[in-house]
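Asks: One structure follows; several queries about it will come next.
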Amino acid sequence: MASRPGILTDWPWKPLGSFKYVVLAPWVIHSTYSLIVKDKSERDVSAFLIFPFLLWRVLHNQIWISLSRYRTSKGNNRILDKGIEFDQVDREKDWDDQILFNGLLYYLACYTLEGASRLPLWRTDGVIIAILLHAGAVEFLYYWLHRALHHHFLYSRYHSHHHSSIVTEPITSVIHPFAEHISYFLLFAIPKLTLVFTNRASIGAMVGYVTYIDFMNNLGHCNFEIVPKWLFDIFPPLKYLMYTPSFHSLHHTQFRTNYSLFMPLYDYIYGTMDKASDELHESTLKRKEETPNVVHLTHLTTPESIYHLRFGFAALASKPYTSKWYLWLMWPLQLGPCSSHGSTAAHSLLKETVLMTNLTFKLGQYPSTVFSTHGNGKSVYQQND
């Protein structure tokens, strides 16, 4: 929550709680029904594909969440030596609200704008236009919008909510008040609406552009460096067109530098690039995996409890453990780690690293729900020590 919450801070469906997903139900049912009953010439495949696209966005983001939490706990290439607090986990549990919001607007546009329905699979000219508009209009306008959000009036009412997370992870990128998300959607709509109104839109351009935004958002908010230095050595201009996790991490620690969206070009132009950006990037890439002083191993209580771990689902990890009916539908994914034993089970899943004065404490998760501490306890401990 921002320090002085402004109007339109909460999402409209907040009172619905876990039932918020029903807001998409009428649109999903209508698009599916229309695809089934209408003649082939009247079917709109692009409208039907909106829901699978939203599911892809959820999966894409979840992959980044799990990868980031696992990599950060290992310690190699980590940027900030600070753990994620419970308050941050609670604050960021509803990261999929922006996907629901986008989904509603996609359906609305598809059924009201002539150029947004029955889209072709691909149009090269539309893709080129989208790239140019993003690099020009979107990046430029975002830079100045971001600087405006750091003005005391807007920062205290809106943007401070995002900056409550000093140590970032992928989902931190979309944790903003509702009003702020409206401004971001309008900004990112510039390329998409331009393609729609010029009849150059395609499924490939729309899906590709939003996937690019998700990818870069997730990448930039990881607490470990993943972009290799040789990439910028081979093509030096790339440093102006692509940011790195360490670059954006400085924005969350220094606040008054590195305002750019994904392209640092505008920070270079307007003199707001942090001078420590290159040095931090190189130093984090050289950082090795930590050797813990103490290891504590735990085990699952039930097969589905694996989803409550830090690298699982944020919405579940932020609440006390209870067995959910929908987790039973995911049994095929649970069978692998939960039924493993012996040498396979000996490789525990690293859950968390706690840094204390002159002491590194690691908490590991034993992936099996049935095991013998007498037979494997010692070997497991040695594997993770």
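Asks: Take the Cβ-Cβ distance between residue 32 and residue 140 as r, set R0 to 56 Å, and report the resulting FRET efficiency rounded to the nearest 0.05.
Replies: 0.90
Asks: Could you put 180, 225 in order, starting from the residue whose Cβ has the fewest other Cβ atoms within 10 Å?
Replies: Ordered by Cβ neighbours within 10 Å, fewest first: 180, 225.
Asks: Could I ask something else about it? List 222, 110 from most exposed to least, where exposure is judged by having the fewest other Cβ atoms within 10 Å.
Replies: Least crowded to most crowded, the residues run 110, 222.
Asks: Can I ask one more? Please compute the Kirkwood hydrodynamic radius of region 14-285 from all pairs of different C-alpha atoms, in Å with one decimal.
Replies: Every distinct Cα pair counted, the radius reaches 19.9 Å.
Asks: What three numbers, in Å, describe the spread of the alpha carbons of region 19-101 along their principal axes, ordered from the longest?
Replies: Computed over the Cα atoms, the extents are 59, 26, 13 Å.
Asks: With label points built 7 Å along Cα→Cβ from the Cα atoms of residue 124 and residue 39, find their separation and express it in nm.
Replies: In this crude label model, residue 124 to residue 39 measures out at 3.4 nm.
Asks: List every residue whose amide H lies under 5 Å from the amide H of residue 224, counting only residues 5 or more places away in sequence or on a different chain, with H placed 1.01 Å from N in the peptide plane.
Replies: Correct list: 79.
Asks: Work out, step by step, the length gained on full extension between residue 270 and residue 282: first 0.36 nm times the residue separation, then minus their alpha carbon distance; give nm to one decimal.
Replies: Extra length available between residue 270 and residue 282 comes to 1.9 nm.
Asks: If you average the alpha carbon positions of region 76-94 and of region 110-186, how far apart do those two centres end up, in angstrom?
Replies: If you average the Cα positions of each part, the centres end up 23 Å apart.
Asks: Of 155, 241, 208, which is farthest along the charge dipole of region 14-285 in the positive direction, counting Lys and Arg as +1 and Asp and Glu as -1 at C-beta?
Replies: With unit charges placed on the Cβ atoms, the residue in question is 208.
Asks: Could I have the simple spin-label model distance between residue 151 and residue 131, label points 7 Å from Cα toward Cβ, reported in nm to one decimal?
Replies: 3.6
Asks: For a protection proxy built on the mean count of beta-carbon atoms within 10 angstrom, sort 27-34, 123-130 highest first, please.
Replies: Per-residue Cβ counts within 10 Å, averaged per peptide and sorted highest first, yield 123-130, 27-34.
Asks: Turning to a different aspect of this structure: How would you rank 1, 216, 206, going from fewest to most other Cβ atoms within 10 Å of each one's own Cβ?
Replies: 1, 216, 206
Asks: Report, in debye and to the nearest 20, how large the dipole of region 14-285 comes out about its Cα centre when Lys and Arg carry +1 and Asp and Glu carry -1 on their Cβ.
Replies: With Lys and Arg at +1 and Asp and Glu at -1, about 360 debye.
Every number in this text was worked out from the coordinates using simple rules, so none of it is lab data. Quick caveat: nothing in here was measured; it's all calculated off a predicted structure. Counting neighbours? That spans all protein chains shown, and the Cβs are built from the backbone with ideal geometry, glycine included.
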